[in-house]
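Okay, so here's the structure we're looking at.
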Amino acid sequence: PHSRAQSSPAGGARAPRIYTRTGDGGFSSTFTGERRPKGDRVFEALGTTDELSSAIGLASEFGVEKGHAFVEQLRKVQCMLQDVGSNIATPLSSAREAHLKRTAFSEKPVLELEQWIDSYSEQLPPLRAFILPSGGKSSAALHFSRAVCRRAERCVVPLVQAGEADPNVAKYLNRLSDYLFVLARYAAMKEGKEEKIYIKSEQ
């Protein structure tokens, strides 16, 4: 709907409208052209994935302020999440071969995350207590992103189990939450910020 500019009364081109009104009835379209209710689990998973990318975007901005080199990795993750969304928006039950070729999700990004996790883990002190989301703005934002990532994974797993999304998408989100946790600890360490630990309160 936003692919071409519309003509203004004066004959010049103007920017296309951001609104389409096609979803006003409570339905939206998948990439395969299906109309489904907006409460469908496909759109719940898509929305949560979008929320995750936004949370990572915020964490990235805090990382930029502190000069963290890992910001480039976070930008790459955001691009991968666009691919995750494409796969989710293409239910396998209604996908044609052309859809599958455009939205396939391989195991390669999962393996890359594992390499990143191992690299940061080697530099961190041992984990001896339950860590609360803390450790400065970069770290806290990464912890928040991790929590959103877990929710995104919970939304995607039923789609995978129903054969509607690629198993590698769920694997990627599972590994991504581990990456974000390790990265949060790394950010706190690099910034010299204290990680707050869980202390059982007296009842």
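The values are calculated or read from the model by the stated rules, or taken from the named source; none is laboratory data. Computed from a predicted structure; not experimentally measured. For neighbour counting, all protein chains shown are included, and Cβ atoms are generated from backbone atoms with ideal geometry for every residue, glycine included. The accessibility values were calculated without ligands, DNA or RNA, using every heavy atom of the protein model including side chains. Shrake-Rupley method; radii C 1.70, N 1.55, O 1.52, S 1.80 Å.
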Search result, residues across region 178-194 that are of a type outside the set (Lys, Arg), part of a helix (DSSP H, G or I), in contact (Cβ under 8 Å) with a residue 40 or more places away in the chain and more than 14 Å from MET80 (Cβ to Cβ):
ASP178, VAL182, LEU183, ALA184, TYR186, ALA187, ALA188, MET189, GLU191
Which numbered condition ARG128 fails, given (1) under 14 Å from ALA188 (Cβ atoms); (2) out of contact with any helix residue (DSSP H, G or I) (no Cβ under 9 Å at 6 or more places or on another chain)
(1)
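Can you find even one residue in region 116-135 that is under 23 Å from GLN73 (Cβ atoms), touching an Asp or Glu at 6+ places or on another chain (Cβ under 8 Å) and exposed (fewer than 14 other Cβ atoms within 10 Å of the Cβ)? Spell out the reasoning first.
If we filter region 116-135 for residues that are under 23 Å from GLN73 (Cβ atoms), which is where we start, we get 116-125, 127, 131, 133-135.
Restricting the remaining residues to those that are touching an Asp or Glu at 6+ places or on another chain (Cβ under 8 Å) gives 117, 131, 134-135.
Now narrow it down to the ones that are exposed (fewer than 14 other Cβ atoms within 10 Å of the Cβ): none.
No, the conditions are met nowhere in region 116-135.
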Can you confirm whether region 154-177 contains a residue that is open to solvent by 70 Å² or more (accessible area, probe 1.4 Å), over 17 Å from GLU72 (Cα atoms) and in a loop (DSSP other than H, G, I, E, B)?
no
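Of SER145, SER201, which residue is without any contact (Cβ under 8 Å) to a residue 24 or more places away in the chain and among the hydroxyl-bearing types (Ser, Thr, Tyr)? Walk me through how you get there before you give the answer.
Working: SER145 fails: without any contact (Cβ under 8 Å) to a residue 24 or more places away in the chain.
Being without any contact (Cβ under 8 Å) to a residue 24 or more places away in the chain and among the hydroxyl-bearing types (Ser, Thr, Tyr) holds for just one of SER145, SER201, which is SER201.
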Number of the exception - GLU195 against (1) of a type in the set (Asp, Glu); (2) open to solvent by 40 Å² or more (accessible area, probe 1.4 Å); (3) within 19 Å of GLY47 (Cα to Cα):
(3)
So which of LEU74, LEU52, LEU81, LEU46 ends up being of a type outside the set (Lys, Arg), buried (at least 18 other Cβ atoms within 10 Å of the Cβ), modelled with pLDDT under 95 and closer than 24 Å to CYS149 by Cβ?
LEU46
Matching residues in region 19-38 - criterion: being within 21 Å of the chain's Cα centre (by Cα), open to solvent by 70 Å² or more (accessible area, probe 1.4 Å) and modelled with pLDDT under 55:
PHE31
Can you tell me which residues in region 100-132 are at pLDDT below 95 and either hydroxyl-bearing (Ser, Thr, Tyr) or not in a loop (DSSP other than H, G, I, E, B) (or both)?
LEU100, LYS101, ARG102, THR103, SER106, ILE131
